[in-house]
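For reference, the structure discussed in these notes is given below.
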Amino acid sequence: MRKTFDHALLASAAAAFALSLGALPAAADGEVNIYSYRQPDLIKPLLDKFTEETGIKTNVVSASSGLEERIAAEGANSPADVILSVDIGRLDGAKQLGITQPVESAVITENVPAQYRDPDGHWIGLTMRARVVYASKDRVAQDTITYEELADPKWKGKICTRSGQHVYNIGLFASLIANDGADKAEETIKGIKENLAVKPAGGDRDQAKAILAGECDLALGNTYYVGLMATNEKEPEQKEWAQAIKVLFPNAEGRGTHVNISGASLAKNAPNRDNAVKLIEFLSSDEAQEIYANINFEYPVKPGLEVNEIVASWGELKPDPLPLATIAADRKEASEIVDKVGYDDGPSS
């Protein structure tokens, strides 16, 4: 369903961004403008290499939210060329908002498997992360699990998660709908809710912290947080959180584990379109995928490429082959089910 936005609010958002982040040049020879949800230090090595190889200068606006609204408010005058985003919800949302355009590229088709590309060419995946189960090393003996098993009453009072409405969980729940059907997915989501130890709160790292504290035995979390915690020198207590858990890849013996992506889109009114396409093609290359994934403890979307040694230590990832566009189509229903079962209210007793 296409989202609608109040134009006054969009204009206000754009003005706020312009004041806080500064304006980018529009069309400029040898330049490309990037609106990014990725942290600047994560993408700088890649952008520096792109400039080194092509001579094209990169200009970046970074934010944690609101980039789509800014681009929509800027309209035809938007300087945005490339949108770097995370999560299939945001990528598909930008498409539905009408701020992207399709890219036809044999290079991208060769580098990115079809399940990680929009069928209409509006977005492509660059790296992926798996939605896994964090399990207590001390209290959970088993080394295999399924998402559906999380609803088993044997786990009552033993599961922690962040909000069911968070985009990471909505993506997972949408994959349950696509794989199991809406009725079975609702049964599973309700069962997980009833097995929660506490009301959903915090982020994925907080769930690992709760496992260390003995508040729960299992949690849902993205893989890359485990690497970030294990190497966090600024907050060394997070290393203890990571050491307390083991990574279980749900459904590894069946359809595979749900994965989501970071990705790129070509902005609808890109003033430097040719340079933007060159950048997206570069980011889809084997070398760029490996660099991008290594920095943030993610996985390249192209099979067979190297992963960080910490990532490799968790075991082999078998991704669910379901196209992410299919998952995106079920996100709305997933959100409705989360509300229907009262997931964020926590366990009933």
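Positive end of the dipole of the chain (Cβ unit charges, origin at the Cα centre): among 256, 337, 243, the Cα lying farthest that way belongs to 337. Net charge of the neighbourhood of residue 202, taken over other residues with C-beta under 13 Å away and scored Lys/Arg +1, Asp/Glu -1, is 0. Helix 88-97 axis versus longest C-alpha principal axis of the chain: approximately 40°, rounded to the nearest ten. Against the chain, whose longest principal axis comes from its Cα atoms, helix 331-340 is set at around 40 degrees.
Could you state the per residue volume, in Å³, of the convex hull enclosing the Cα atoms of segment 65-168?
Hull volume over Cα atoms, normalised by residue count, gives 156 Å³.
For the options 108, 145, 245, a Gaussian network treatment of the chain with springs between C-alpha atoms closer than 10 Å singles out 145 as fluctuating the most. Pairs spanning more than 18 Å between alpha-carbon atoms, out of 268/332; 158/190; 158/184: 268/332; 158/184.
Please grab the % of Cα pairs in segment 203-349 that end up more than 27 Å from each other. That tail contains 38 percent of the Cα-Cα pairs.
For the chain, the longest principal axis of the alpha carbon atoms and the long axis of helix 273-283 meet at an angle near 40°.
Taking Cα centre as origin and charging only the Cβ of basic (Lys, Arg, +1) and acidic (Asp, Glu, -1) residues, the dipole magnitude of the chain rounds to 560 debye. Binning the alpha carbon pair distances of segment 187-235 at 10 angstrom intervals from zero yields the distribution 22, 50, 22, 5, 0, expressed in whole percent. Taking the Cα centre of segment 269-319 as the origin and placing charges on Cβ (Lys, Arg +1; Asp, Glu -1), which of 277, 308, 297 is farthest toward the positive end of the dipole? Most positive-ward Cα: 277.
For segment 157-272, the percent of C-alpha pairs falling in each 10 Å distance bin, counted from 0 to the bin holding the largest distance, reads 12, 38, 31, 13, 5, 0.
Calculate the dipole size of segment 237-311 relative to its Cα centre from +1 charges on Lys and Arg beta carbons and -1 charges on Asp and Glu beta carbons; express the result in debye to the nearest 20.
Details: 7 positive and 11 negative charges, 79 e Å.
Result for segment 237-311 is approximately 380 debye, rounded to the nearest 20.
If segment 145-224 were replaced by its equivalent ellipsoid, with semi-axes equal to the square roots of 5 times the Cα gyration tensor eigenvalues, what would those be, largest first, whole Å? Spell out each step's value before the answer.
On the way: eigenvalues 81, 42, 19 Å².
Each semi-axis is √(5λ); the values are 20, 14, 10 Å.
Of the options (i) 30, 28, 22; (ii) 38, 21, 19; (iii) 35, 22, 19, only one is semi-axes √(5λ) of the Cα gyration tensor in Å as computed from these coordinates, and that is (iii). Listed by chain and number, the aspartates and glutamates placed with their C-alpha closer than 18 angstrom to that of residue 246 are 138, 143, 149, 204, 206, 215, 217, 237, 298, 309, 316; residues fewer than eight positions away on the same chain are left out. Compared with the direct C-alpha span, the chain from residue 41 to residue 143 gains 33.2 nm at full extension, assuming 0.36 nm per residue.
I want the local charge near residue 333. Using Cβ-Cβ distances under 12 Å, sum +1 for each Lys or Arg and -1 for each Asp or Glu among the other residues.
Numbers: positive: 331, 332, 340; negative: 183, 186, 330, 336, 339.
Net charge around residue 333: -2.
Backbone phi angles across segment 118-130, fed through the Karplus curve with coefficients 6.51, -1.76 and 1.60 (θ = phi - 60°), yield HN-Hα couplings of 5, x, 9, x, 7, 8, 9, x, 10, 9, 9, 10, 9 Hz in residue order; Gly and Pro are listed as x. Between residue 312 and residue 49, full extension at 0.36 nm per residue minus the direct alpha carbon distance yields a gain of 92.2 nm.
Shape descriptor for segment 280-342: Rg over Rh equals 1.12 (Cα atoms; Rh from the Kirkwood inverse mean 1/r).
Here the sum of -39500 (n - 2.57) over DSSP H runs of 4 or more residues, divided by the residues of the chain, equals -12500 deg cm²/dmol at 222 nm, to the nearest 500.
Comparing 77, 308, 260, which has the greatest mean-square fluctuation in the GNM of the chain with Cα pairs linked when under 10 Å apart? Highest fluctuation among the options: 77. Of the residues 78, 222, 150, the one whose Cα sits farthest towards the positive end of the charge dipole of the chain is 150 (charges of +1 on Lys and Arg Cβ, -1 on Asp and Glu Cβ, taken about the Cα centre). Pairs with C-alpha atoms separated by more than 18 Å, drawn from the list 95/318; 137/239; 156/193, are 95/318.
Taking K and R as +1 and D and E as -1, what net charge do the other residues with C-beta under 12 Å from the C-beta of residue 38 add up to? Write down the numbers at each step before the final one.
Numbers: positive: 44, 90; negative: 41, 87, 298.
Taking every other residue near residue 38 into account, the sum is -1.
Each Lys and Arg contributes +1 and each Asp and Glu -1, all at the Cβ; summed about the Cα centre of segment 193-275, the dipole is approximately 360 debye.
Every number here is computed from the coordinates shown, using simple stated rules; none is lab data. Predicted model only: the values in this text are computed from it and were never measured. Neighbour counts are summed over all protein chains in view; Cβ atoms, including those assigned to glycine, are modelled from backbone coordinates with ideal geometry.
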